[in-house]
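Working notes for the structure below.
The values are calculated or read from the model by the stated rules, or taken from the named source; none is laboratory data. For clarity, every value in this text was computed on a predicted model and none was experimentally measured. In this analysis, Cβ positions are derived from the backbone assuming ideal geometry, glycine residues included, and neighbour counts consider all displayed protein chains.
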Amino acid sequence: MQAMIYYITIFILTVIGIIFIKHNAETFSLVDIPNERSMHDKSIPRGAGIAFVLSVFLVLFFLNYEYIEKYYYIYLAIFITFIAGVWDDVREVSPKIKFIFMFISALILYMNGFYIANIGTYFGISMVLPSLLIFPFTFFALAGYTNALNLMDGLDGLASSLSIIILSTFYIIGWHHNDELLMILSSSFIISLLAFMLFNWNPAKIFMGDSGSLTLGMVIVILAIQSIQYITPASVLFIIALPVLDTFIVITRRIQRSQSPFKADKNHMHHILYRIKDDIKYTVIVLSMMQIVFSTIGYQVKEADDLISLILFGLLFVMYFNLFDQRVKRRSKK
């Protein structure tokens, strides 16, 4: 009964918060104006992440303070990343500023013993990172995935749908191993995202903004690090797969063209799939189904050999790399 009240409160507060932001978007400079990379053609309120993140924090603080106190460094790191996202939603800060905030978040986690030290077992040998590489690798994972999920936030309902699927997988792992952090952190954001989806499903009435996507990316990486206690590092790659694959594919394509790997374009998975069907709902559903398949594979191979899992992931990367190639259609016309 107490858990039900807890989740209902998060849902209601998220809805109220989103409605408030939506009606006061111009006052708070929370309006997304279309540009050459936008998939929408009119100004739409953004910053719904402010509502669904704060709802989780407020409910946890007032209804489960002992839990917040126990994992204070986790939620402090998440909150710092959230602040960077809010700042970007209001002022559009540079990527450098956002990376500084993420660096601070990663440092807080590292100083409290929360980091990636083991990257799997290969040929019977456990690959433990040298102490000097632990923090850089952890920061790279945090910043890289947070940015990857942010880039997937390009269609109505896409980032939230993928996040719900990924968070649900981590919840199942937490439930199976009775891990408090995995269960509460994942389930809290699942509920808040379900409330957000009422406003973000196509046609979207509001976007989550960086306050939402950056925070979700940080939350997912934290859950991934926590889950490595119970599953193999390689299986985590499958559970969080789609944003990772999308980023790898896009960066590889840019390097092939002798372009900067950080140059923005419209060649992400969702852009290519959308151009084929010209249907946002179809694109989001198909990509969500792909993520469900990946997360299911990740859960099934959670105790398998890391090398075999990594080879399988590599094969899937090659397959998707060729499948999501926007140049194929152009070649066929020549």
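Table: residues versus (1) free of Cβ contacts under 8 Å to residues at least 60 places away in the same chain; (2) among the charged types (D, E, K, R); (3) more than 21 Å from GLY154 (Cα to Cα); (4) in contact with a Phe, Trp or Tyr (Cβ under 7 Å, 6 or more places away or on another chain).
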| position | (1), (2), (3), (4) |
| --- | --- |
| PHE52 | no, no, no, yes |
| ALA77 | no, no, yes, no |
| THR81 | no, no, no, yes |
| ASP88 | no, yes, no, no |
| GLU92 | yes, yes, no, no |
| PHE101 | yes, no, yes, no |
| TYR110 | yes, no, yes, yes |
| TYR115 | no, no, yes, yes |
| PHE123 | no, no, yes, no |
key: Members of segment 115-139 found to be at pLDDT 90 or above and either crowded, with 18+ Cβ neighbours inside 10 Å or basic (Lys, Arg) (or both), listed by number   = TYR115, ILE116, PHE135, THR138, PHE139
ask   = Within segment 158-178, can you find the residues that are surrounded by fewer than 20 Cβ atoms within 10 Å (Cβ to Cβ) and among the small types (Gly, Ala, Ser)?
value = SER168
query = Among all residue pairs at least 6 apart or on different chains, which show Cβ distances below 7 Å where the first residue, located in segment 157-169, is free of Cβ contacts under 8 Å to residues at least 60 places away in the same chain and within 19 Å of ASP179 (Cβ to Cβ) and the second is crowded, with 24+ Cβ neighbours inside 10 Å and small (Gly, Ala, Ser)?
reply = LEU167/SER186
task = Taking the options LEU151, LEU198, LEU181, LEU214, name whichever one is crowded, with 24+ Cβ neighbours inside 10 Å and in a helix (DSSP H, G or I).
result = LEU214
message = If I go through segment 1-32 residue by residue, how many of them are farther than 15 Å from ALA51 by Cβ, surrounded by 13 or more Cβ atoms within 10 Å (Cβ to Cβ) and hydrophobic (A, V, I, L, M, F, W, C)?
response = 1
request  = Could you check how many residues of segment 143-158 are closer than 15 Å to THR81 by Cβ and of a type outside the set (Ser, Thr, Tyr)?
outcome  = 7
